[in-house]
Amino acid sequence: MTEKEYLICLSTFVPFGPARIKLLLSYFGSAKKIWTAPPKTLKELGLGQERIQEFIRHRDSLDISAYFNRLNKFRIKYLTINDGKYPANLKEISDAPFVLYFKGEIKSGDENAIAIVGTRKITSYGKEVTERFSGELSSFGVTIISGLARGVDTFAHRSAIASHGRTFAVVGSGLDNIYPPENLALAGEIEKHGALISEYPLGYPALPINFPTRNRLVSGLSKAVLVIEGAAKSGTLLTASHAADQGKAVFAVPGQITSPLSAAPLFLLKNGAKLATTTNDILEELDLEVRVDREKMEKVMPSTKDEGQILKILENEPLHLDELARISTLDVSKISARLTIMELKGMVKNIGNGVYKKV
């Protein structure tokens, strides 16, 4: 078996989350050594006896060949964090899953993504606002991320598809166990127009505890999070909190002050979230000024003098934003905004930590 396949096997033992796997990998050096480690060694690492026995029983009972056959049967693909096609936005968060299961297709252009989240008990106002933002953002080539839940999530996905855009649904269960069941047909449409995504293995149920954990992936896959409606205590606020912790922008749409479902967006606006009343509020803040589909777009010629200068500087090697600013003598904020546009056009790529390379 390959190292990648051993990492897939580890992902089937859900009690080993990203933090635990990261620690184990730092000690053992490979997923294979973790999977085959004797109980004595695991105990030396501070794992409790009960958890060790649980892991041993799990690996002894897992029919590895049958598991991979079932993945193929359900058309479920997988990426590990070491794969080049692993979503760049998600890879940047501290607790990114080591394995990502998906149905559909994940494209490089899907980095240009906005999460739209909100209440399950959507109002007519929330429906109208969700459809407007999701539809308009999709028309600009922005991938819409949400969680396939009832309410705002459902309308966000549907509107993206209706606008011939792309959308990801991050679910809190194995991809062979879609929840809620009434969205099974919608899940099939999302697979055709984007991807269904999960960190949970086949057969894993949609437990209530999964959804708060799932929310960090909704924000992690996105450039920013837009909150439509939500109660004072809801998963919507948790998603926004994840986004803030991940350094993502948080936007909120104001609602009627007399509505309980305005509590979440109003709380966020009072605490530093950005006001969104039109799609332009988001596009301008994030410099998403052009419609982009990098998979279909032809090679773009430099459209400004600054872009031509930047491409020339990056001709020989990747450079940090600050170094680009120094060499070009352009203002840092100006060159940062221009690099965002160039990345959306597919001219350059942020390879991490503010370092850009020519595509």
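The values are calculated or read from the model by the stated rules, or taken from the named source; none is laboratory data. Since the structure is predicted, the reported quantities are computational estimates derived from the model, not experimental observations. Neighbour counts are summed over all protein chains in view; Cβ atoms, including those assigned to glycine, are modelled from backbone coordinates with ideal geometry.
Here are some notes:
- Only one of 108, 146 that is polar (S, T, N, Q), surrounded by 22 or more Cβ atoms within 10 Å (Cβ to Cβ) and within 13 Å of the chain's Cα centre (by Cα): 146
- Considering residues of the range 1-19 that are polar (S, T, N, Q) and crowded, with 19+ Cβ neighbours inside 10 Å only, the residue nearest to residue 202 (Cα to Cα): 12
- Pairing each residue of the range 336-359 that is buried (at least 17 other Cβ atoms within 10 Å of the Cβ) with any residue that is outside any loop (DSSP other than H, G, I, E, B) and β-branched (Val, Ile, Thr), provided the two are 6+ apart or on different chains, yields C-beta distances under 8 Å for 338/310; 339/310; 339/348; 342/310; 342/348; 348/310; 356/348; 358/348.
- Count of residues meeting criterion [out of contact with any Ser or Thr (no Cβ under 9 Å at 6 or more places or on another chain) and not in a loop (DSSP other than H, G, I, E, B)] in the range 325-341: 10
- Annotation: residue 163 fulfils all but one of (1) in contact with a helix residue (DSSP H, G or I) (Cβ under 6 Å, 6 or more places away or on another chain); (2) surrounded by 23 or more Cβ atoms within 10 Å (Cβ to Cβ); the unmet one is (2).
- Scanning the range 294-324 for residues that are at pLDDT 85 or above and among the β-branched types (Val, Ile, Thr) yields 310, 313.
- Beta carbons closer than 9 Å, at least 6 apart along the sequence or on distinct chains, pair a first residue in the range 320-334 that is in contact (Cβ under 8 Å) with a residue 12 or more places away in the chain with a second that is outside any loop (DSSP other than H, G, I, E, B) and among the aromatic types (Phe, Trp, Tyr) for 320/356; 321/356; 324/356.
Okay, residues lined up against (1) over 17 Å from the mean Cα position of the chain (by Cα); (2) at pLDDT below 95:
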residue	(1), (2)
171	no, no
197	no, no
214	no, yes
230	yes, yes
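- For residue 16, the criteria (1) assigned to a helix (DSSP H, G or I); (2) closer than 25 Å to residue 94 by Cα hold in every case but one, which is (1).
- Scanning the range 76-91 for residues that are closer than 28 Å to residue 155 by Cβ and under 10 Å from the mean Cα position of the chain (by Cα) yields a total of 4.
- Filter pass, residue 124 being buried (at least 20 other Cβ atoms within 10 Å of the Cβ) and more than 16 Å from residue 215 (Cβ to Cβ): no
- Listed conditions (1) modelled with pLDDT under 95; (2) out of contact with any Phe, Trp or Tyr (no Cβ under 8 Å at 6 or more places or on another chain); (3) outside the structural domain of residue 144 (by TED's automatic domain parsing) are all met by residue 68, apart from (1).
- Within the range 94-142, the only residue that satisfies the criterion of being outside the structural domain of residue 246 (by TED's automatic domain parsing) and farther than 16 Å from residue 198 by Cα is 94.
- Segments classed as helices (runs of 4 or more DSSP H), wholly inside the range 33-135, with at least 3 members that are charged (D, E, K, R) and within 20 Å of residue 13 (Cβ to Cβ): 39-44, 49-61
- The residues of the range 249-272 that are within 28 Å of residue 93 (Cα to Cα) and crowded, with 23+ Cβ neighbours inside 10 Å, listed by number, are 250, 251, 252, 253, 264, 265, 268.
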